[in-house]
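The values are calculated or read from the model by the stated rules, or taken from the named source; none is laboratory data. Keep in mind that what you see is a predicted model, and the values were worked out from it rather than measured. A quick note on method: Cβ atoms are made from the backbone with ideal geometry, for glycine too, and the neighbour counts reach across all protein chains shown. Keep in mind that these areas ignore ligands, DNA and RNA; they rest on the heavy atoms of the full protein, side chains included. Shrake-Rupley method; radii C 1.70, N 1.55, O 1.52, S 1.80 Å.
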Amino acid sequence: MPDITLTPIGKVRSTRKAAVDDAWDAVTSSIELDASRFTPDALAELETFSHLEVVFLFDRVDPAKIETGARHPRENLAWPKVGIFAQRGRSRPNRLGTTICRIDRVDGLRVHVTGLDAIDGTPVLDLKPWVREFGPRGEVRQPGWMTELMLAYWSE
């Protein structure tokens, strides 16, 4: 397969400086677009949406720690060993993260958000408004260990 080269559109400015899990709804952030590539027009009307999907790069993950097989999520042996594509951990093959967060306001080249689980300085690759009709259709299911893992993830 050919290599793919992506250029970040901007970066995260956040109160969270370290990659620590949980309590992400207590985190306020902004996404600062690259002023050499964009003008505020790129964000026109974005504030008419309540939520934003952010695609970003886990740039501080050591490439030697990339997981391509199965592991226990958060190294918790009480949870089953599952494949990297059956979890959302940051040590993924392409180190890509996605989050749907609340838009607080748009100011020039900055989108202010709450609940973005990316730390200060994280490269942002794309932004997409969250559209209800792109959400899941039909029943949503997930294993119990994931429900347990997520109990404190967003809580403030």
- Note on the structure: Of the residues in segment 49-63 that are of a type outside the set (A, V, I, L, M) and part of a loop (DSSP other than H, G, I, E, B), the one that is most open to solvent (accessible area, probe 1.4 Å) is Arg60
- Do you know which residues across segment 119-156 are open to solvent by less than 30 Å² (accessible area, probe 1.4 Å) and in contact with a Lys or Arg (Cβ under 8 Å, 6 or more places away or on another chain)? Ile119, Gly121, Thr122, Pro123, Val124, Leu149
- Total residues in segment 75-106, condition more than 30 Å from Ser50 (Cβ to Cβ), out of contact with any Pro (no Cβ under 8 Å at 6 or more places or on another chain) and exposed (fewer than 15 other Cβ atoms within 10 Å of the Cβ): 7
- Task: Scan segment 6-48 residue by residue and report those that are in a loop (DSSP other than H, G, I, E, B), touching a residue at least 12 places away in the same chain (Cβ under 8 Å), open to solvent by 80 Å² or more (accessible area, probe 1.4 Å) and not β-branched (Val, Ile, Thr).
- Result: Leu6, Lys17, Arg37
- Task: Could you list, in sequence order, all residues of segment 77-126 that are part of a loop (DSSP other than H, G, I, E, B) and of a type in the set (S, T, N, Q)?
- Result: Gln87, Ser91, Asn94, Thr122
